[in-house]
């Protein structure tokens, strides 16, 4: 039996560095993310309510929100589907040239977006490689909403593929075998076993691709044709206002974009938390 | 339902995993497929389950006389339990167990209420009542393995196949669970084949042990048969500690006259440490002279390492601690060494 007075537990952690790294994180995020964003809000705060609504709710601006959000959303959805197939092929099968295909996926990350925009426009224009075949079918891609959607799909793909790849690698083939030996056919195995396991990662990939598409500017402005009320995206309107020295108008639109994106991403995060509920211990 | 496997060949590139394997698992028995890693035992199990296929043109798999070689896994009526459980993480215990019933075509699917009844009966059977709403991540390894077993049993398989069922568990849970499996098997009487690399496990619970080595079956028999009468040196060495003595000491240590537990092959004598008898050294009294090199006294049996004077071979000996105390041995003493005679 020990007579020693119990020593109060020292609050020191076994693994040090929490204070330092949290401090760094906050300072860094503040400097890089929060202060510039706060500046946008401050600038907007100088406007009267009427000025603000006039800037953010003009018909041309409303049309651009519609295009930006819908095209980004559609591009994100399409990318989930095709990105999943690309990731699946890259992870599950060995074939000659796999490394090259794998590297190709990253190209939209690396390519200057203007280059992508010009290339896509050239291909999908009436006389372009792909455009000339679509034209007789009555499908116009370049200089239409579809063009915007194509450009946003292009830049979003790597986000989905790169998010899904590690998760697919981790997915044991045994769970598919288990499903098969329990009598599930391939379709049931995919829909009831594989997709639910991948769902959180698919949501993450979607959120990343969607957020990236909302902010995309360079590639879209070449292929969209920038027709007012039809093919103008919101970032383009912001630039236009800046070029007219209407800084407050530009930041007002930016604030609306920011708040909406933030709410959407928050929603996706909540959805993701729910979809990973089985991970809790 | 019995399992009958004939002439299975399986190669992976240049590696031969199974080289003309024949195997029969009698109806209602618990049979262990025992072998070192890489011996082909898991491949054989997977081929029986339909998760892998034998090389083209080879092999035939029959369940109770019915050829299932070309039947796909989901239609073979096989319950398969994976080493790492392979539970569906996003489903609760209940959903995992019900999976095999819920994916049945509508005509064959039991009503929702009946599925729930059956799941609860199975949960009771594997002693996991009340855990039906948990997710696999919230269970211990032993519990997960029993969920996997219940899931496999839910589809009312004719044959149960288990791949290293206790391989991922710690030693204590392993022992408990394997005894539980034995009792469980006695209760449900389902033809069961399980793969293991642990000889203790196989010898303890199986009705019959199939020992594999390098893509072939070395021996089949009851645990006592394979332990007492190993057919090959491999089996002998795989099933426990062994001393290999050169034949020249055979006359000194006493020839084993068809005695279980000892094997003479290719001029070598295979003998287990506890089948060696020690006696005080008396010149000319028979037995091989040896010098005690090490004494290990921890554990129920004393273990000694002795060196044969004639051949300088090291021999491991196990004697009871009372016997050792009677001899009063210390490191450096000389002893006589003989094969134990008599007990079976």
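The values are calculated or read from the model by the stated rules, or taken from the named source; none is laboratory data. Owing to the predicted nature of the structure, the values given are computational and were not obtained by experimental measurement. For neighbour counting, all protein chains shown are included, and Cβ atoms are generated from backbone atoms with ideal geometry for every residue, glycine included.
Is it the case that residue A:139 is without any contact (Cβ under 8 Å) to a residue 12 or more places away in the chain and away from every other protein chain (no Cβ under 12 Å)?
Taking the combined requirement at face value, the residue satisfies it.
Among A:150, A:256, which is crowded, with 20+ Cβ neighbours inside 10 Å and more than 30 Å from residue B:72 (Cα to Cα)?
That would be A:150, the only listed residue that is crowded, with 20+ Cβ neighbours inside 10 Å and more than 30 Å from residue B:72 (Cα to Cα).
Among the numbered criteria (1) touching a helix residue (DSSP H, G or I) at 6+ places or on another chain (Cβ under 7 Å); (2) under 28 Å from residue A:103 (Cα atoms); (3) surrounded by fewer than 22 Cβ atoms within 10 Å (Cβ to Cβ); (4) more than 10 Å from chain B (Cβ to nearest Cβ), which single criterion is violated by residue A:226?
Looking at each condition in turn, residue A:226 falls short on (2).
Quick check: anything in segment A:49-66 exposed (fewer than 11 other Cβ atoms within 10 Å of the Cβ) and farther than 23 Å from residue A:148 by Cβ?
Yes, segment A:49-66 has at least one match.
Any residue at all in segment A:212-224 that is over 30 Å from residue B:101 (Cα atoms) and not in a helix (DSSP H, G or I)?
Yes: one or more hits.
Any idea which of A:178, A:184 is closer than 30 Å to residue B:153 by Cβ, in a loop (DSSP other than H, G, I, E, B) and free of Cβ contacts under 8 Å to residues at least 40 places away in the same chain?
That would be A:184, the only listed residue that is closer than 30 Å to residue B:153 by Cβ, in a loop (DSSP other than H, G, I, E, B) and free of Cβ contacts under 8 Å to residues at least 40 places away in the same chain.
Rundown of residues vs (1) away from chain B (no Cβ under 14 Å); (2) surrounded by fewer than 18 Cβ atoms within 10 Å (Cβ to Cβ), yes/no style:
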{"position": "A:178", "(1), (2)": "no, no"}
{"position": "A:187", "(1), (2)": "no, yes"}
{"position": "A:213", "(1), (2)": "yes, no"}
{"position": "A:235", "(1), (2)": "yes, no"}
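Scan segment B:81-96 and tell me whether some residue there is out of contact with any strand residue (DSSP E or B) (no Cβ under 6 Å at 6 or more places or on another chain), more than 10 Å from chain A (Cβ to nearest Cβ) and at pLDDT 90 or above.
yes
Can you list the strands (runs of 3 or more DSSP E) lying wholly within segment B:219-283 that have 3 or more residues being in contact with a helix residue (DSSP H, G or I) (Cβ under 6 Å, 6 or more places away or on another chain), buried (at least 20 other Cβ atoms within 10 Å of the Cβ) and at pLDDT below 80? Spell out the reasoning first.
Details: elements: B:243-246, B:262-265, B:268-271, B:276-280.
Once the strands (runs of 3 or more DSSP E) in segment B:219-283 are filtered for at least 3 residues that are in contact with a helix residue (DSSP H, G or I) (Cβ under 6 Å, 6 or more places away or on another chain), buried (at least 20 other Cβ atoms within 10 Å of the Cβ) and at pLDDT below 80, nothing remains.
Just to confirm my filter: which strands (runs of 3 or more DSSP E) fall fully inside segment B:1-68 and include at least 2 residues that are within 14 Å of residue B:213 (Cβ to Cβ), touching a residue at least 24 places away in the same chain (Cβ under 8 Å) and within 22 Å of the chain's Cα centre (by Cα)?
B:15-25, B:30-34
Just checking, how many residues over segment B:113-162 are in contact with a strand residue (DSSP E or B) (Cβ under 7 Å, 6 or more places away or on another chain) and part of a helix (DSSP H, G or I)?
Going through segment B:113-162 one residue at a time, the tally reaches 4.
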